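What follows is a single structure, written as structure tokens, with notes after it.
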Amino acid sequence: MGVVILLLMAAGVAAMLTRRLPTAFALVLLAVAIAFAAGAPLTGKNSVFDTVLQEGAPALAATMIAILIGSWLGKLLEETGIAATLVRKIVEFGGDRPVFVGLGVLAVSALVGTVTGSAPAAMLAGLIGIPAMIAVGIPKVTAAGTILMGIAVGIPFELPIWQFFSTALELPVDTVRGFMLKLFPFALVAAVAYVLVESRRRGVEHTWSLTSVRGESKPRSRRQLLGDAPWYALLTPVVPLVLALGFELAIIPSLLAGVLYALVTTTPPREMNRRLLRTLYGGFEVAAAPITLFVAIGILLAAVKLPGAVDALEPLVKAVSPQNAVLFVLVFTLLVPLCLYRGPLNVFGLGAGIAGVLIATGIYPATAVLGMATSYNQVFGVADPTSTQTVWSAQYAGVSPQQVMVRTLPYVWAVALGGLCVTAATQL
């Protein structure tokens with residue numbers, strides 16, 4: 001029966017890779033198929049309807065709410081001009097020095113990445129940042145990659161991601177936060193190295209200028225009329241982090257405090273109600289896709305944790321899972337490419353199910369699976385040509401996502417290696 005479940009997983013990966021089915025739909029169908037293969041009844045305890053679908057769908061509800069509030073805060077950063085002001089100030093400070101401009105945009109991308117991930121973060125930092133970098137001579141591929149590497153620096157501090165790993169792996173938020181802080185230095189060093197090395201590459205035409213982009217960008221005309229955001233409003237991305245890290249406030253209240261701070265520091269009282277509702281509805285639009293995916297991931301996790309699935313998969317997974325710390329690092333470092341193209345180790349796809357299997361079967365402690373999953377997430381968030389932030393950044397810069405993948409993959413692969421080394425040293 002374990003072989004049948006593995007074959008079903010392989011079919012699910014094939015359906016996602018060939019795009020015959022959207023990822024969320026493929027994961028739900030896979031979960032139902034695994035439940036039937038594991039001998040689950042239709043209703044009752046450990047059943048398809050009551051356990052997998054009914055209990056699995058809202059299993060990651062806290063993560064969904066955190067994603068929604070993060071998207072809401074991201075819309076506020078966009079509408080109030082906070083993100084655009086941060087980028088403009090950095091570009092003005094950097095002048096015509098490519099490395100300084102690149103490092104500055106990298107820092108802004110990291111800040112924005114702590115608030116909201118995926119394409120919204122790329123757009124907030126990249127709408128001005130990408131043409132500014134190209135205007136001072138940074139190659140197009142490097143400009144797109146700088147935005148993505150910056151977001152990756154922010155990922156260890158992205159509160160919705162903390163909530164996701166906490167809920168999915170059934171770990172305290174403190175545990176997730178602790179490992180994320182250990183992962184951050186690797187992401188930071190890799191990102192700075194990327195800018196320093198790649199921004200020195202030549203042979204790119206200066207086809208854009210910051211002036212022309214500002215003039216042609218219609219979506220920002222409202223913010224241009226309002227002017228730059230006040231200096232104290234630029235602290236908005238830091239507010240949730242200070243509360244969550246410094247005061248250990250819960251994730252959702254920390255994000256809500258960021259929303260309130262952005263609103264109060266940028267909006268006259270008579271406009272607050274309209275802006276709150278407008279940006280909240282915009283946040284729903286942004287959050288719809290990831291929330292759908294998290295519903296599907298919750299259903300898949302419920303399926304792979306069924307007793308029948310655990311009993312069937314345990315001997316097979318245990319036979320191929322390295323227990324030695326050195327082999328753990330070596331094997332899972334070599335498997336890094338499997339988290340690309342929505343592969344089987346992508347934590348926002350089948351990788352979540354595999355993580356659930358590793359924990360449910362007791363092969364690795366949940367903290368070790370956390371280290372592996374978060375390390376892979378650093379790769380997926382930057383180099384996967386199918387991720388929305390990679391596609392947007394590449395297309396906006398005028399290059400292909402595959403070009404960005406080739407240029408950034410060595411750096412994020414090194415980040416994953418660092419995360420796996422820390423995991424093996426502390427958890428195995």
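The values are calculated or read from the model by the stated rules, or taken from the named source; none is laboratory data. Note that this is a predicted model, so its numbers are computed, not measured. Every residue, glycine as well, gets a Cβ built from its backbone with ideal geometry; the counts of neighbours run over all protein chains shown. For accessibility, only protein heavy atoms count, side chains too; no ligands or nucleic acids. Shrake-Rupley method; radii C 1.70, N 1.55, O 1.52, S 1.80 Å.
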Exercise. So how far apart, in nm, are the two label points at residue 331 and residue 11 if each is 7 Å from Cα heading toward Cβ?
Worked result: 2.7
Seminar exercise, completed: Inter-part gap, Cα centre of region 278-352 to Cα centre of region 136-175, in whole angstrom, is 17
Seminar exercise, completed: Looking only at lysines whose Cα falls under 22 Å of residue 75's and that sit 8 or more positions away or on another chain, we get 89, 218
Seminar exercise, completed: Between the alpha carbon centres of region 38-57 and region 1-35 the gap in Å comes to 17
Exercise. For region 321-428, what is Rg from Cα atoms divided by 2.2 N^0.38 Å, rounded to two decimals?
Worked result: 1.10
Exercise. Heavy-atom accessible area per residue, the chain, 1.4 Å probe: how many Å²?
Worked result: 40
Problem set entry | Reach of residue 140 by Cα under 18 Å, taken over aspartates and glutamates that are not fewer than 8 positions away in the same chain | 96, 198, 205, 384
For this session: Summarise the accessible area of the chain (1.4 Å probe, protein heavy atoms) by the percent that is carbon and sulfur.
Result: 68
Exercise. If R0 is 56 Å, what FRET efficiency do you get for residue 272 and residue 3 from their C-beta distance, rounded to 0.05?
Worked result: 0.40
For this session: Give the whole-number value, in cubic angstrom per residue, of the convex hull volume spanned by the C-alpha atoms of the chain.
Result: 132
For this session: For residue 305, go through the lysines and keep the ones whose alpha-carbon is under 20 Å away, minus same-chain ones fewer than eight residues off.
Result: 45, 318
Exercise. For the peptides 297-309, 162-174, 18-30, what is the packing order when you average, over each peptide's residues, the other Cβ atoms within 10 Å and list the highest mean first?
Worked result: 297-309, 162-174, 18-30
For this session: List the pair-distance distribution P(r) of region 251-324, using every Cα-Cα distance, as the percent of pairs falling in each 10 Å bin from 0 up to the bin containing the longest distance, rounded to whole percents.
Result: 14, 26, 21, 15, 14, 9, 1
Exercise. To the nearest 20 debye, what charge dipole does the chain have about its Cα centre, counting +1 at the Cβ of each Lys and Arg and -1 at the Cβ of each Asp and Glu?
Worked result: 920
For this session: Please work out, to two decimal places, the log10 of the ratio I(q)/I(0) at q = 0.18, 0.22 Å⁻¹ from a Debye calculation in which every Cα of region 1-52 carries one identical scatterer.
Result: -0.57, -0.77
